[in-house]
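First the structure, in the form of structure tokens, and then the observations on it.
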Amino acid sequence: MDLRQSETCEHKPIWVGRIAVSACVDCKTVEWFSSDGPADPAEAIAALFGSYDLMGPLDALGAPTSRVLAYAPPSSRKRKNLEALPRRVWLQAGPRLWMSHDGVVLLLATTQPMLFENLTRGA
Ligand SMILES: [Zn+2]
């Protein structure tokens, strides 16, 4: 695994199903892995959150983009997938892709409109 390390933080992947999530508050990044190595962020997010229900776009203050998409987990079991990520911080999850959550609702922000179609592909 090609994990970036710094002097002040340690990146420990958490396995959620077949995806390993390495989220770091200090670096404000998320890295995604499968058993084969680094995973495509859109595919990893679809694997973890593809069953989430799109609630709609929101105007967002303090987010990387002025509008974000909000997703709700379909069940408490699926909601646990959020626990691999720290709450209430915007993390860069991929190229031009950011995510945040409050333990209940997943927020995604991207400057690539096409990406959202990929994220909901697994639903
Ligand atoms: Zn870090």
Note to self: Just the residues that are open to solvent by 80 Å² or more (accessible area, probe 1.4 Å), touching a residue at least 24 places away in the same chain (Cβ under 8 Å) and within 10 Å of the ligand (Cβ to nearest atom), please, taken from segment 18-34.
What the structure shows: K28
Notebook entry, point to check: Taking R77 and the conditions (1) farther than 21 Å from T110 by Cβ; (2) in a loop (DSSP other than H, G, I, E, B); (3) not hydrophobic (A, V, I, L, M, F, W, C), which numbered condition does it fall short on, given that it satisfies the others?
Noted result: (2)
Check: L54: within 16 Å of the ligand (Cβ to nearest atom) and touching a strand residue (DSSP E or B) at 6+ places or on another chain (Cβ under 9 Å), yes or no?
Finding: no
Item checked: Exclusive hit being surrounded by 11 or more Cβ atoms within 10 Å (Cβ to Cβ) and either closer than 18 Å to R96 by Cβ or of a type in the set (G, A, S) (or both), set G37, G62, G56, G50 -> G50
Item checked: Where W15 falls short, out of the listed (1) within 14 Å of H101 (Cα to Cα); (2) away from the ligand (no atom under 16 Å from the Cβ); (3) in a strand (DSSP E or B); (4) under 14 Å from the mean Cα position of the chain (by Cα) -> (1)
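Here is a yes/no grid of residues against (1) touching a residue at least 12 places away in the same chain (Cβ under 8 Å); (2) closer than 26 Å to P13 by Cβ:
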{"position": "G50", "(1), (2)": "yes, yes"}
{"position": "M55", "(1), (2)": "yes, no"}
{"position": "A72", "(1), (2)": "yes, yes"}
{"position": "R77", "(1), (2)": "no, yes"}
{"position": "L85", "(1), (2)": "yes, yes"}
{"position": "R88", "(1), (2)": "yes, yes"}
{"position": "Q92", "(1), (2)": "yes, yes"}
{"position": "L97", "(1), (2)": "yes, yes"}
Check: Do you know which residues across segment 65-83 are loosely packed, with under 13 Cβ neighbours inside 10 Å and among the polar types (S, T, N, Q)?
Finding: S66, S75, S76
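The values are calculated or read from the model by the stated rules, or taken from the named source; none is laboratory data. This structure is a prediction, so every number in the text was calculated from the model and none was measured. Positions of Cβ are backbone-derived with ideal geometry, glycine not excepted, and every protein chain shown enters the neighbour counts. Side chains are part of the model used for accessible areas, which takes the heavy atoms of the whole protein and leaves out ligands, DNA and RNA. Shrake-Rupley method; radii C 1.70, N 1.55, O 1.52, S 1.80 Å.
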